[in-house]
Structure formats: C-alpha cells, structure tokens
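Written below as structure tokens is the structure these notes are about.
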Amino acid sequence: MPAPRIVALESSCDETACAVVEGLLVRSSVVASQIEIHAQFGGVVPELASRHHLTAVVPVVREALERAGATWDGIDAIAVTEGPGLVGAVLVGVQVARGLALARGLPIVGVHHMEGHLVSPFLGDAQREPGEFAPHLALSVSGGHSELVHVHRLGEYTVLGRTRDDAAGEAFDKAAKLLGLGYPGGPVIDRLAAEGDPRAVPFPRAMLVGDNLEFSFSGLKTAVAVFVDQHGQPSSRQALADVCASFQAAVVEVLVTKLRQARKKTRASLVTIVGGVSANRGLRAALEQAASADGFSVRMPPLRYCGDNAAMIGGAAALRWSAGLVPEPAVEVYASLGIDEGRARP
Ligand code: KG4
Ligand code: ZN
C-alpha cells in the first residue's frame, strides 16, 4: 500500500500548525506560534488562543500546501488533533478539518495529541530518515504532561508512571516566573543553565527512593520560591545562571533516573523523549550518557518537532491509516488529559 498523503492540522494550545506528510515523511510543516501574544500575560489565555487560531489557520494551511508543492487532488485524508487540549482551541482545528473534508470529499482522521508527540521522533524529512515506530519506551514531557509510556505497538500503550502534580514543563515555566524570566520558561532556563554551575544550589530530587515510576515537581517549584524568598532575586547573570543550572540538573536527574529504571523494567532496546521539554539540552545530553552507560538506543525528535506541530499529527494519522485503525465516522473533541491505558483514545 502506498504511503497515504495527509494534510494535518494542530491547534490544541498556542500553536496553529499545518503539515503535509506522506506516511512518516514530512513534505512541509508550518507552525504559527502565539507565544508573543500570551507572554505578556505570563501564560496561555484560552480565549485569545481560540481567536488567534481562527485568523491564522487558513493562511497556515495554504502555506503548508504551497511549501509541499501539493494540490488537493493528491491528498488522501485530513488529520486533526481531537484533544486533549484547550477545548475552544481544539475546536477551531476540528471544525476547519471538517469543513475541508466535506468540501474536498476526503475522510478525516482524529489524532490524540500525545500520540502525535510519541510519533515525533520517527518522522523523516529532507534532513533525516523516518524510523520504525514500535516497540519502544517513551518519556513524554511537555507543559501539561510528564509520563513514561511503554509503546507496544500503535494504539497499545502502558503508562508506567506519570506526575502526581506539576508537569516537567510546568515546573520550568513556574521556576522561570519566580526568577523573573518570563514565559515560556524552558528555553530561557535551558540557555542560562549552559553558563551556570549545576552544583551551586542543592535543590531537592523528589520521589527518587524506591522503584516507583511517578514524578513530582511541585516541591522543586516551592524550593525555588523559598530560595528567592531567602536570597532575593539573583543579582548577577552568573548567580542567575547558577540557579538555572541547579534547577535544571534537579529536573533532569529525576527524569533520567526514572527513565533508566523504566528501561530496565521493560527491557526496551529503544528509548525516546518527546514533548516541549525534550528540546532541553541538559536532558538530551544526560539521555545520551545513560544510553551509552546502560546500552540502549535513543531516538530524539529534532528540535523542530519537539514542541507542538502538525507533522507529528500527520505522521500518527498515516500510521493509523496504514494499520486500518482510522476512527469512524468523525472526530469528537474531548478535553481529558493523558494517554489512557491500552489505547490512545478514550
Ligand atoms: O509540547 P509543548 O510545546 O506544549 C504542550 O503540549 O504543553 O511543551 C511546552 C513546554 C513549556 O512548558 C516549555 O517551557 C517547555 O515545553 N520547553 C522546554 C524547552 N523548550 C520548551 N523546557 C525545557 N527546556 C527547553 N529547551
Ligand atoms: Zn504538546
């Protein structure tokens, strides 16, 4: 069966994205970010997100088709993120996808956002070969999720552990806010951490005792708040870099320790990291080190597919299409968080 050609849409949070894929090969991927709009409020404002998706979506779809050199005639299906996410934001993508499907007489494939992230390391494009999706072990870390997922095959997942409170990206965002670094915090802390001493501040590593695979990051956020309370805002760039490096080291140590435990438990030979936080340079380096120490392979998404994008939604839809797992008849929007045991769809 030839690889399906799919136009994919993603609008679950603050990125309006469209991509054209052929199986796992990305022909074009366009992302219109709203970060500047939300940064002034210190976080994503749902109502503003929906409104900006509305104005951005049509130009983004046009650009994706143009960059791929594609016309609607060669397209087999439309894919769209059906959730989880901000309901008003998801609805924009879903309704546009429905409209396009109706106008072009094409089938529509609803994709779970987290399944999209799971597929992101396996996408191929002009710079990179696509990979074999399953089986593998994934650490999924974004603004809303921190989960260890054992991927048996497409649509069959075991969640081995997740966060009890804040997600890893949320911890980065909250720490950055406390340090006066703005939103989103991850990229700023990542940059500053490269110049700092990770041993400068002994921030706590939560839940490392025992062999449970759950995370907790709210205590770390409190430790940053207490630090700022006691010492005030770091007064020099070096002092700020030291706090960032120490904070990042605490997050990375917990993530990689749990990932190694899960790897041993599952005996997975391939490990991935996905989601916005997988762009973190400290995490990427620590994972490479763990891989050579423990003897497993690693596949990480290139930076362009770490954050929210539509290429991963197209890739997941293509895998579903080829496996005959296309949900019928039409997508429904749902707001629940997390990838459910066994299946990616509720
Ligand atoms: O996957 P994503 O783009 O959106 C969600 O689905 O949540 O993830 C966004 C999260 C934010 O919390 C952001 O601070 C974090 O990913 N992030 C990073 C980095 N780049 C983005 N965290 C750490 N280091 C980074 N380089
Ligand atoms: Zn995401």
Task: Rounded Å value of the spacing that divides the Cα centres of segment 93-142 and segment 184-215 - done: 30
- [ ] Considering only Lys265, Lys221, Lys174, give the residue with the highest GNM mean-square fluctuation for the chain, with springs between Cα atoms whenever their separation is below 10 Å.
- [x] Lys265
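Please figure out what share of the DSSP beta bridges in the chain is antiparallel and state it in percent, rounded to the nearest 5.
On the way: 27 of 45 bridges.
Counting only bridges with both partners in the chain, antiparallel ones make up about 60 percent.
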Open item on the list: Can you give me the Kirkwood hydrodynamic radius for segment 254-318, using every pair of distinct Cα atoms, in Å to one decimal?
Closed with: 12.6
Open item on the list: Among Leu160, Phe41, Phe217, which residue has its Cα furthest toward the positive end of the charge dipole of the chain, with +1 on Lys/Arg Cβ and -1 on Asp/Glu Cβ?
Closed with: Leu160
- [ ] List every residue whose amide H lies under 5 Å from the amide H of Ser28, counting only residues 5 or more places away in sequence or on a different chain, with H placed 1.01 Å from N in the peptide plane.
- [x] Val20
Task: Dipole axis of segment 136-249 (+1 Lys, Arg; -1 Asp, Glu on Cβ), positive-most option in Leu240, Pro202, Phe172 - done: Leu240
TODO: Work out from phi, with θ = phi - 60° and the Karplus expression 6.51 cos²θ - 1.76 cosθ + 1.60, the ³J(HN,Hα) of each residue of segment 30-40, listed in order in whole Hz, and give x for Gly and Pro.
DONE: 10, 10, 9, 8, 9, 3, 4, 5, 7, 4, 5
TODO: With a ≥ b ≥ c taken as the square roots of the eigenvalues of the C-alpha gyration tensor of segment 1-159, please select rounded if a/c is under 1.5 and otherwise prolate if a/b is larger than b/c or oblate if it is not?
DONE: oblate
Open item on the list: Using the basic label-point model (7 angstrom from Cα toward the beta carbon), what is the Lys265 to Glu36 distance in nanometres?
Closed with: 4.4
Open item on the list: Could you derive backbone 3J(HN,Hα) for segment 203-212 from the dihedral phi with the Karplus parameters 6.51, -1.76 and 1.60 (θ = phi - 60°), listing whole Hz in sequence and x where the residue is Gly or Pro?
Closed with: 5, x, 10, 7, 6, 7, 7, x, 10, 6
Open item on the list: Could you derive backbone 3J(HN,Hα) for segment 107-113 from the dihedral phi with the Karplus parameters 6.51, -1.76 and 1.60 (θ = phi - 60°), listing whole Hz in sequence and x where the residue is Gly or Pro?
Closed with: x, 10, 10, x, 10, 6, 3
- [ ] Enumerate the amide H contacts of Gly161 below 5 Å, restricted to partners 5 or more residues apart or on another chain; note that Pro and chain-start residues carry no placed amide H.
- [x] Leu148
Open item on the list: Skipping prolines and chain starts, which residues have an amide H placed within reach, meaning under 5 Å, of the one on Ser142, given they are 5 or more residues away or on another chain?
Closed with: Ala168, Gly169, Val277
Open item on the list: Using the basic label-point model (7 angstrom from Cα toward the beta carbon), what is the Asn212 to Gln289 distance in nanometres?
Closed with: 2.7
Task: Rounded FRET efficiency, nearest 0.05, which uses the C-beta distance separating Val326 from Val58 and R0 of 25 Å - done: 0.50
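Counting Lys and Arg as +1 and Asp and Glu as -1, each charge on the Cβ, what is the dipole of the chain about the Cα centre in debye, to the nearest 20?
On the way: 31 positive and 36 negative charges, 100 e Å.
The calculated dipole for the chain is roughly 480 debye.
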Open item on the list: Largest first, please: the extent of the C-alpha atoms of the chain along each principal axis, to the nearest Å.
Closed with: 62, 45, 35
Task: Potential lengthening between Val87 and Gln230 on full extension [0.36 nm per residue; Cα-Cα distance subtracted] - done: 47.5 nm
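Checking the a/c ratio against 1.5 first, then a/b against b/c, what shape does the Cα gyration tensor give for segment 71-138? Spell out each step's value before the answer.
Numbers: a/c = 2.63, a/b = 1.36, b/c = 1.94.
Note, shape of segment 71-138 comes out oblate.
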Task: Fraction of beta bridges assigned by DSSP in segment 136-234 that are antiparallel (%, nearest 5) - done: 90
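Any read-out appearing in this document is the output of simple, stated calculations on the displayed coordinates, not a laboratory observation. The shown structure was predicted, so the numbers you read here are calculated from the model rather than taken from an experiment. With ideal geometry, Cβ positions are generated from the backbone for all residues, glycine too; neighbour counts draw on all protein chains shown.
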